Amino acid sequence: MKPHQEVIDRILETIQSKQSFVLTTHVNADGDGIGSELALYHHLRDLGKEVHIINPTPMPDAYRFLDPEGTRVEAYGDHHARTVQQSDALVLLDLSEISRLGALGKALARNGPFKVCIDHHPTEGVSNDLAWIDERASATGELVYELLMQAGGKLSRSIAEGIYVAIMTDTGCFRYANVTAHTHRVAADLLETGLDHNRLYRLVYESNSWNQSRLFAKTIGDMNRACNDRVAWMKIPRRTFRETGTLEKDTEGLVEFPRSIGEVQISILFIEQAADRIRVRFRSPSHTAVDGLARELGGGGHRNASAALLKGTTLDEAIDRVLALVEKYVH
Ligand code: AMP
């Protein structure tokens, strides 16, 4: 029997026996979260189920093409509380902690529907009714693919596109260390449905604005070094967002840039969301781990891509705090 087969069987039983589902993912959804949700959405709809996708934060612009009418992916509001509470099952995709569900998580804390989690993040202790967590998967989309195959589902164009975007975005376009032979086999299967992978690539990665380029140029231009050049760090004060006419969503991809510098083991991006709320994003090449660093700051993530939200801290304080910790993670 394959590892995790027991939990996969139980998830398949849940899908069969229940009728109404709410799918959700973490705050600031990424391509893996959105793509996985939409793939599962179409599968459940094909089975005649009632399905809602309700996320803690709005659909990121970069993935709107996956829901062109804007009718499938909704952002949580108080009026959704009843739908969530009364659904037969809530499926958490690409996250396992209710704490990363914002207001939606708070509504759930007061009891709620049966909870199923499908995720590939390393986690310690999960309180969902059913949890399929497989860290070997490059993306949650890979797990959704497995589930759908086991369910005997058909890979329609919409399902294939969702899974492809999920995997493409979580593997840095099939470059990162999390890519396996299986990842490529799944991708090959998806391509065989006739999907236009180049179109999906262009829609996600070649649709940036001029203002976003100004934000990147300014931030990279002011990049700093630490720990004998093994750490590269950048900061975006709110002032820079104003000056460049950008928003936090426009920072996607920026923290990846210093990974291209040979000596850099850890790349850090500090984002000033508010005077006392700083988001810190970490990236590293495969030989250096940054998940422990993010966890030490109350965040989490993967070995080579992690993040934390520092509350009650100014930008300068956050920088001091993180730089004091980072030394022990480089070698
Ligand atoms: P990001 O830099 O936002 O792309 O996040 C990198 C990885 O860390 C992703 O896999 C996220 O799911 C995870 N992550 C981001 N923010 C947090 C957080 N506050 N707590 C736990 N994990 C996080």
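Screening the range 268-288 for residues that are over 18 Å from the mean Cα position of the chain (by Cα) and not in a strand (DSSP E or B) and picking the one that is nearest to residue 220 (Cα to Cα) gives 285. Please verify whether residue 131 is touching a residue at least 60 places away in the same chain (Cβ under 8 Å), surrounded by fewer than 20 Cβ atoms within 10 Å (Cβ to Cβ) and within 20 Å of residue 10 (Cβ to Cβ), treating the condition exactly as stated. So residue 131 passes the test. Among the residues of the range 258-273, is there at least one that is at pLDDT below 95 and within 27 Å of residue 29 (Cβ to Cβ)? Yes, there is a match, as at least one residue in the range 258-273 is at pLDDT below 95 and within 27 Å of residue 29 (Cβ to Cβ).
Across the range 10-52, the qualifying residues are those that are of a type in the set (A, V, I, L, M, F, W, C) and assigned to a loop (DSSP other than H, G, I, E, B), and the one among them that is nearest to the ligand (Cβ to nearest atom) is 27. With respect to being more than 16 Å from the ligand (Cβ to nearest atom), in a strand (DSSP E or B) and at pLDDT 95 or above, residue 7 falls outside the description. Filtering the range 81-108 to residues that are under 22 Å from the mean Cα position of the chain (by Cα), without any contact (Cβ under 8 Å) to a residue 40 or more places away in the chain and away from the ligand (no atom under 15 Å from the Cβ) leaves 106, 107, 108.
Looking only at the range 298-317, count how many residues are surrounded by 19 or more Cβ atoms within 10 Å (Cβ to Cβ), within 16 Å of the ligand (Cβ to nearest atom) and more than 20 Å from residue 256 (Cα to Cα). Matching residues across the range 298-317 total 2.
The values are calculated or read from the model by the stated rules, or taken from the named source; none is laboratory data. Small disclaimer: the values here were computed from a predicted structure and weren't measured. Cβ: placed from backbone, ideal geometry, glycine included. Neighbour counts: every protein chain shown.
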